[in-house]
1. Among residues belonging to the range B:88-117 that are within 14 Å of another protein chain (Cβ to nearest Cβ) and either assigned to a loop (DSSP other than H, G, I, E, B) or in contact with a strand residue (DSSP E or B) (Cβ under 9 Å, 6 or more places away or on another chain) (or both), point out the one that is nearest to A:Ala34 (Cα to Cα).
2. Which of (1) surrounded by 15 or more Cβ atoms within 10 Å (Cβ to Cβ); (2) among the β-branched types (Val, Ile, Thr); (3) out of contact with any Gly (no Cβ under 8 Å at 6 or more places or on another chain) is the odd one out, the single condition B:Val103 does not satisfy?
3. Of everything in the range B:138-148 that's modelled with pLDDT under 85, on the phi < 0 side of the Ramachandran plot and of a type outside the set (A, V, I, L, M, F, W, C), which residue is nearest to the chain's Cα centre (by Cα)?
4. Checking B:Arg96 against (1) among the charged types (D, E, K, R); (2) surrounded by 14 or more Cβ atoms within 10 Å (Cβ to Cβ); (3) without any contact (Cβ under 8 Å) to a residue 24 or more places away in the chain, which single condition isn't satisfied?
5. Here is a list: B:Thr86, B:Thr28, B:Thr64, B:Thr53. Which entry is hydroxyl-bearing (Ser, Thr, Tyr), closer than 30 Å to B:Ile158 by Cβ and modelled with pLDDT under 85?
6. Out of contact with any Gly (no Cβ under 6 Å at 6 or more places or on another chain), of a type in the set (S, T, N, Q), within 9 Å of chain A (Cβ to nearest Cβ) and crowded, with 20+ Cβ neighbours inside 10 Å: does that describe B:Thr64?
7. Check A:Gly65 against each of (1) within 7 Å of chain B (Cβ to nearest Cβ); (2) in contact with a His (Cβ under 6 Å, 6 or more places away or on another chain) and name the one condition it does not meet.
8. Within the range A:21-45, count every residue that is small (Gly, Ala, Ser), touching an Asp or Glu at 6+ places or on another chain (Cβ under 9 Å) and more than 7 Å from every other protein chain (Cβ to nearest Cβ).
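The values are calculated or read from the model by the stated rules, or taken from the named source; none is laboratory data. None of the values given here were measured: they were computed from a predicted structure. Cβ atoms come from the backbone with ideal geometry, glycine included; neighbour counts cover every protein chain shown.
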Amino acid sequence: MHEPLLRKLIALNVTGAGVFHVLVAVAYRGLDAAPDPIPQALVLTGIVVAVSATALALVLGQRLGGRQ
Amino acid sequence: MRVRHVLIALALGIIGINLGWVLWLGVTGEGVARLADVALERVPESGVSNPVTAVLLNFRAYDTLLELAVLLAAILGIWSAGPALTGFLPGGPVLRSLTTSVVPLLILAAGYMLWVGGHAPGGAFQAGALLGAAGVMLSLAGQANAGLPSPRVLRLAIVLGVLVFTMSAVVLMATGAGFLSFPIAIAKWLILFIETAATLTIGATLAAAYLAGEPPAQERFPPQRGGSEL
């Protein structure tokens, strides 16, 4: 596996996780109100897209690396 | 060289300030109509009582349809890179027996997640993730195809989500309801139908993505017993 690419992917995933957490926190609307469902739905969609993009990038990196 | 570094730092600073400002407005914004009120008010019309599922499968169904398309594109990209890499060695007896008891539980939990998504936290994504986890576990225990079905069935499973979602939308459009607008009378069953297909697709895609290539037609390591189907 190409090491700089691996580092970038980890950085991207850490950033993404941070954004997801911020979005989940933004959904809070006070103790007596239901949380905003739209950011939560966006996060659910985002997680799946992030996972599939990471998987594709890992496979491409592995093939580019030429080993295993 | 130095000028470029300063410019990059400046540009990043401006972007950061803008993002912070947008976040500040989003969190503290008063007098601004939030989509939450509109969405929560219309949840009873969506066919499900869980607001998040209502948003995902009804109000913003386009997002979910396109997300399934992203999954399909990703797995096609992974498969086009070549055949799956050599699998792990067959697991020891402890891991194998653990797999045969945990994988059925994961499948059961996925079915529960799918059903409960209508009225409580849960839904197609969580259920699909559980199925994908079952596949990863089988793969780690030494099954070269991660418990995925034969290539023909697998291809069907991979496109099932997009296919069912699009066909439902086209049929709705043909009957005059409009693309992706579910009539309230059948919304619940339509959402359950689409979510079931999406669960199978997400689970199969995640497990197939873990193999990092097109799975072999025949298993390199035949399963010891049971638990070969996802």
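1. B:Gly117
2. (3)
3. B:Asn145
4. (3)
5. Working: B:Thr28 fails: closer than 30 Å to B:Ile158 by Cβ; B:Thr64 fails: modelled with pLDDT under 85; B:Thr53 fails: modelled with pLDDT under 85.
None of the other options fit; the residue is B:Thr86.
6. Values: out of contact with any Gly (no Cβ under 6 Å at 6 or more places or on another chain): yes; of a type in the set (S, T, N, Q): yes; within 9 Å of chain A (Cβ to nearest Cβ): yes; crowded, with 20+ Cβ neighbours inside 10 Å: yes.
Yes; evaluated as a whole, the condition is true for this residue.
7. Condition (1) is where A:Gly65 drops out.
8. The initial filter retains those residues of the range A:21-45 that are small (Gly, Ala, Ser), namely A:25, A:27, A:30, A:33-34, A:41.
Imposing the further condition that a residue be touching an Asp or Glu at 6+ places or on another chain (Cβ under 9 Å) reduces the set to A:27, A:41.
Of the ones still in play, those that are also more than 7 Å from every other protein chain (Cβ to nearest Cβ) are A:27.
The total comes to 1.
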